[in-house]
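Student: Please read through the structure below; I'll follow up with questions.
The values are calculated or read from the model by the stated rules, or taken from the named source; none is laboratory data. Here the structure is a predicted model, which is why all the values come from computation and not from measurement. Note: ideal-geometry Cβ built from the backbone for every residue, glycine included; neighbour counts use all protein chains shown. Remember, those area values only see protein heavy atoms, side chains included, never the ligands or the DNA or RNA. Shrake-Rupley method; radii C 1.70, N 1.55, O 1.52, S 1.80 Å.
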Amino acid sequence: MNDDDLTARVRAAFDALDPVPPHVTAAARAALASRVPGAVLAELTMEPRYSTAALRGTARRLTFTGTDAVIEIEVTRLDHGHEITGRVTPSTPARARLRHLRRGPTEWTTDVDPAGQFAFPAVPDGLVSLVFDLPDTASIVTSWVRL
């Protein structure tokens, strides 16, 4: 028996005894589909440790840092979801896409004004990531955060 045969038998055993739940497979496929090839990652670098953001009317402030840009967002809890406002530094006009994973991938778009500001007025709870398509065809993508 070679390594390929052994791997096939182990896979068959796991498939029969402990199959991967369909929602896990769907989430993995959605994650792979949401990749932005060639985009520069802006990782979450600052979030207050103790926050009252769960209370209506209070804001949660997050900072994402990439190699060439900083994205600051403010998430305000509303009656039904969240309002996300933010700013890209250095300021540049761009197209902002908010990707959301709740019941499958969903996406909203808005323009970033010349001052670098943008807003998404009604975003439901769930995992979100922002993608900024810049005029020079480059893209910046933030890490995923849960609202």
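Student: Among the candidates ARG102, ARG56, which residue alone is more than 26 Å from ALA27 (Cα to Cα), surrounded by fewer than 16 Cβ atoms within 10 Å (Cβ to Cβ) and modelled with pLDDT under 90?
Tutor: On the way: ARG102 fails: more than 26 Å from ALA27 (Cα to Cα).
Going through ARG102, ARG56 in turn, the sole match is ARG56.
Student: Those residues that are at pLDDT below 90 and open to solvent by 50 Å² or more (accessible area, probe 1.4 Å), I need them from the range 59-75; list them, please.
Tutor: Scanning the range 59-75 gives THR67, ASP68.
Student: Taking the stated definitions as given, is THR85 among the polar types (S, T, N, Q), open to solvent by 40 Å² or more (accessible area, probe 1.4 Å), at pLDDT 90 or above and under 23 Å from VAL123 (Cα atoms)? Full working, then the answer.
Tutor: Working: among the polar types (S, T, N, Q): yes; open to solvent by 40 Å² or more (accessible area, probe 1.4 Å): yes; at pLDDT 90 or above: yes; under 23 Å from VAL123 (Cα atoms): yes.
Judged against the criteria, THR85 is a match.
Student: Within the range 58-73, take every residue that is among the aliphatic types (A, V, I, L, M) and under 14 Å from the mean Cα position of the chain (by Cα) and give me the one that is farthest from PHE118 (Cα to Cα). Full working, then the answer.
Tutor: At the first step, the residues of the range 58-73 found to be among the aliphatic types (A, V, I, L, M) are 59, 62, 69-71, 73.
Add one more test, that the residue is under 14 Å from the mean Cα position of the chain (by Cα), and what stays is 62, 71, 73.
On the way: LEU62: 14, ILE71: 11, ILE73: 9 Å.
Filtering the range 58-73 for residues that are among the aliphatic types (A, V, I, L, M) and under 14 Å from the mean Cα position of the chain (by Cα), the one farthest from PHE118 (Cα to Cα) comes out as LEU62.
Student: Which residues, taken from the range 116-147, are among the small types (Gly, Ala, Ser) and in contact (Cβ under 8 Å) with a residue 60 or more places away in the chain? So that I can check it myself, show each step before the final result.
Tutor: From the range 116-147, those among the small types (Gly, Ala, Ser) are 116, 119, 122, 126, 129, 138-139, 143; that's our starting set.
SER129, ALA138, SER139, SER143 - these are the residues of the range 116-147 that are among the small types (Gly, Ala, Ser) and in contact (Cβ under 8 Å) with a residue 60 or more places away in the chain.
Student: Give the residue that is surrounded by the most Cβ atoms within 10 Å (Cβ to Cβ), with candidates limited to residues of the range 36-53 that are at pLDDT below 85 and either among the hydroxyl-bearing types (Ser, Thr, Tyr) or closer than 14 Å to ASP133 by Cα (or both). Can you show your working first?
Tutor: Initial filter on the range 36-53 (at pLDDT below 85): 36-38, 46-53.
Retained after the next criterion (residues that are either among the hydroxyl-bearing types (Ser, Thr, Tyr) or closer than 14 Å to ASP133 by Cα (or both)): 36-38, 50-52.
Values: VAL36: 16, PRO37: 5, GLY38: 9, TYR50: 5, SER51: 13, THR52: 11.
Ranking the qualifying residues of the range 36-53, first place goes to VAL36.
Student: Filter the strands (runs of 3 or more DSSP E) completely within the range 108-147 down to those with at least 3 residues that are within 17 Å of ARG35 (Cα to Cα). Break it down into steps so the answer makes sense when it comes.
Tutor: Details: elements: 117-123, 127-133, 139-142.
In the range 108-147, 127-133, 139-142 are the strands (runs of 3 or more DSSP E) which contain 3 or more residues that are within 17 Å of ARG35 (Cα to Cα).
Student: Enumerate the pairs (first residue in the range 63-81 and within 19 Å of ALA39 (Cβ to Cβ); second residue anywhere and at pLDDT below 85) with beta-carbon separation below 6 Å, excluding pairs fewer than 6 apart on the same chain, so at least 6 apart or on different chains.
Tutor: So the pair list comes out as THR63/MET46.
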